[in-house]
Amino acid sequence: MMHPLLLVQVDCTHPVDRCSSAVLARHFARRAGLAEQATAAVAIAVAELISNAVRHAGKGRLELRMLDAAGGRPGGVEVKVHDDGPGIADLEAAARDGYSCGGWLLPDTPRSGLGAGLGSVRRLMDEVRIISVPGVGTTVIARKWRHRR
Ligand SMILES: Nc1ncnc2c1ncn2[C@@H]1O[C@H](COP(=O)(O)OP(=O)(O)OP(=O)(O)O)[C@@H](O)[C@H]1O
Ligand SMILES: [Mg+2]
């Protein structure tokens, strides 16, 4: 039988959308059969990615997909956040903690964030792929499987 909830798409434009999209992601991940901790991980990752899209690119689109179990692979959830913003020049640095808005944060650096969002997404999700083209935009695709962690 087809699962009734295979795909959700939402456009996010406001900082508060990180909260509503996290709530949505939590319901979605639960519905996909993820355990409580994995469900929380998906919700936090979505909040961080939507925060990035809204803060650094002005707006973004969230897609949530259920992944069916197949070929020995467990089922799970795929999160995709896409934006048409400025892109990320140094992807490797941006995905490490303490790098924010183009530089490494020092104790007295004025800051708008902790530079820990993308690092958290890497730690919370099982697979993370970031595709970013300067001047074109950023897409992050992250997956969480049902039976891991
Ligand atoms: N969607 C995006 N578009 C453009 N730049 C981005 C995007 N996502 C992240 N970045 C860049 O990568 C940096 C690191 O992102 P990260 O989420 O780790 O930290 P932050 O957003 O600066 O702070 P925090 O998430 O801790 O509040 C950002 O400061 C920004 O320069
Ligand atoms: Mg962030």
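No lab work stands behind these numbers, since they all come straight from the coordinates. Being a predicted model, the structure only gives us computed values, none of them experimental. Don't worry about glycine lacking a Cβ; one is built from the backbone with ideal geometry, like all the others, and counts go over all protein chains shown.
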Quick one: go through region 92-120 and flag any residue whose amide nitrogen is under 20 Å from the point 7 Å out along the Cα-to-Cβ line of Arg73. none
Between Pro15, Pro110, Pro74, which gets the highest mean-square fluctuation from a Gaussian network model of the chain, Cα cutoff 10 Å? Pro110
For the chain, set up a GNM with springs between Cα atoms under 10 Å and report which of Thr109, Thr39, Thr13 has the largest fluctuation. Thr109
When the charge dipole of the chain is computed with +1 at the Cβ of Lys and Arg and -1 at the Cβ of Asp and Glu, the Cα pointing farthest to the positive end, of Val23, Pro110, Leu91, is that of Val23
Extended-chain gain in nm, criterion 0.36 nm per residue less alpha-carbon gap, Leu91 and Cys19: 23.4 nm
Treating only the Cβ atoms of Lys and Arg (+1) and Asp and Glu (-1) as charged, compute the dipole magnitude of the chain about its Cα centre; round to the nearest 20 debye. 500 debye
Calculated from DSSP helices alone, with each H run of at least 4 adding -39500 (n - 2.57) and the total divided by the residues of the chain, [θ]222 nm to the nearest 500 comes to -10500 deg cm²/dmol
Spin-label proximity, Lys59 to region 11-37 - amide N less than 13 Å from point 7 Å beyond Cα toward beta carbon: 11-15
Could you tell me the ratio Rg/Rh of the chain? Both radii from Cα atoms, Rh via Kirkwood. 0.98
